[in-house]
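Structure first, then comments.
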Amino acid sequence: MTGRLLVTPHAHPAWPHTHAVFHLSDGRQLRFADQRRFGRLWLRQTDEIDTFTGIARLGPEPFDPAFDAAHLEALLRRRRRAIKSCLLDQSLVAGIGNIYADEILFAARLHPEQPAASLSRAQIRRLAALIPATLAKAVDDNRVTPEAFLQGGGTEYRNTPLLRIYGHEGDPCPRCHSALRRLTVGGRSSCHCPKCQRPQSENRR
Ligand SMILES: [Zn+2]
C-alpha cells in the first residue's frame, strides 16, 4: 500500500525507511522503501515452487486481455457480496485498492453495496470496460519523470487532487452536484453519490 520500488543512481541519497537495496549490473540500484512495513520480500530458488508468496492466488490483472466482460460475469454471477467487496478481492481481480474501487464504481454508476450477482449483463459489460479505463487514466494522470520523483522524495506523487470521488465526502458530485456520501462496505470506507449510484435490489438480468 505504501511501499515503493525505486530505481536510483548509485549515489542517490537513501530515502527514509529504505529496507532493501539491490545493486544492478548497470551501476544503478533498486531500492525498496516502505514506511508502514506492509511489504514483504521473499528469496526463492529458480526451481522452487511458490507456495508462500500468495502470488499464485491472485486473480488476473485488470490490463490482462483475458480480463473481459465474459470473465467478469463468470466471476460475479453467484456472488451475493457487495460489488465493492468483489472488486477489492485480489483473488478475483488483482490490483484494485479502496481508492480506485470507489472511482470505478462511480464511473460505472453502481452503488458500492449492490450485490454482485444482481448486476445486469449490460452493467457488467460497462464495468469490465471501466476498470482498465479508469486505472489507465489514473496511471496517465500521475505520470512524473523519474528525476522529478526522486528529487521530490516522492511528494510529486499525489493522486488525491485528481480523484473525483474518494476522499470527497460532502463535496458536490462531479456529475449531478448532489453531496457525496460516505459509508462502510466490508469494513472499508466508501464514498459514493446517492443519486448517480442508486442501489438496485432486483435482478435485472
Ligand atoms: Zn451524482
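For the range 59-179, what class follows from the C-alpha gyration tensor (a ≥ b ≥ c being the square roots of its eigenvalues): rounded when a/c is under 1.5, otherwise prolate if a/b is larger than b/c, else oblate? All intermediate terms of the calculation are to be shown ahead of the outcome.
On the way: a/c = 2.35, a/b = 1.45, b/c = 1.62.
Since a/c reaches 1.5 but b/c is at least a/b, the shape of the range 59-179 is classed as oblate.
By per-residue mean of other Cβ atoms within 10 Å, what is the highest-first order of 47-58, 3-14?
Details: 47-58: 9.7, 3-14: 13.2.
Highest mean packing first, the order is 3-14, 47-58.
Find the Cα radius of gyration of the chain, compare it with 2.2 N^0.38 Å by division, and give the number to two decimals.
On the way: Rg = 19.6 Å, N = 205, 2.2 N^0.38 = 16.6 Å.
Scaled against compact globular proteins, the figure is 1.18.
Which order do the peptides 18-26, 127-135, 33-41 come out in when sorted by mean C-beta neighbours inside 10 angstrom, highest first? Don't jump to the answer; show the numbers that get you there.
On the way: 18-26: 11.0, 127-135: 18.8, 33-41: 12.9.
Result, highest mean first: 127-135, 33-41, 18-26.
Return the long-range amide H neighbours of residue 94 (sequence gap of 5 or more, or a different chain), with a cut-off of under 5 Å between placed amide H atoms.
Result for residue 94 returns 59, 61.
Per residue and in Å³, how big is the convex hull formed by the alpha-carbon atoms of the range 10-94?
On the way: hull volume 14.7 nm³, N = 85.
In the range 10-94, the Cα convex hull volume per residue is 173 Å³.
If packing is taken as the mean number of other Cβ atoms within 10 Å per residue, what is the order of 190-198, 164-172, highest first?
Details: 190-198: 20.4, 164-172: 16.4.
Packing proxy ranking, top to bottom: 190-198, 164-172.
If you place +1 on the Cβ of every Lys and Arg and -1 on the Cβ of every Asp and Glu, how big does the dipole about the Cα centre of the chain come out, in debye to the nearest 20?
Details: 30 positive and 20 negative charges, 210 e Å.
Computed charge dipole of the chain: roughly 1000 debye.
Which one, 17, 127, 177, projects farthest toward the positive side of the charge dipole computed for the chain from Cβ point charges (K/R +1, D/E -1)?
Most positive-ward Cα: 177.
Pull up all non-local amide H partners of residue 185: gap of 5 or more, or a different chain, and H-to-H distance under 5 Å with H placed in the peptide plane.
When sequence neighbours closer than 5 places are left aside, the close amide H contacts are 190.
Mind listing the long-range amide H neighbours of residue 29? Cut-off is under 5 Å, sequence gap 5 or more, other chains count too, H placed in the peptide plane at 1.01 Å from N.
Amide H neighbours of residue 29: 8, 10, 24.
Kindly write out, for the range 21-32 in residue order, the coupling ³J(HN,Hα) from the Karplus curve 6.51 cos²θ - 1.76 cosθ + 1.60 (θ = phi - 60°), rounded to whole Hz, with x marking Gly and Pro.
10, 10, 8, 7, 5, 8, x, 7, 10, 9, 10, 10
No lab work stands behind these numbers, since they all come straight from the coordinates. This one's a predicted model, so the numbers in the text were calculated from it and none came from an experiment. Backbone-built Cβ (ideal geometry, glycine too); neighbour counts: all protein chains shown.
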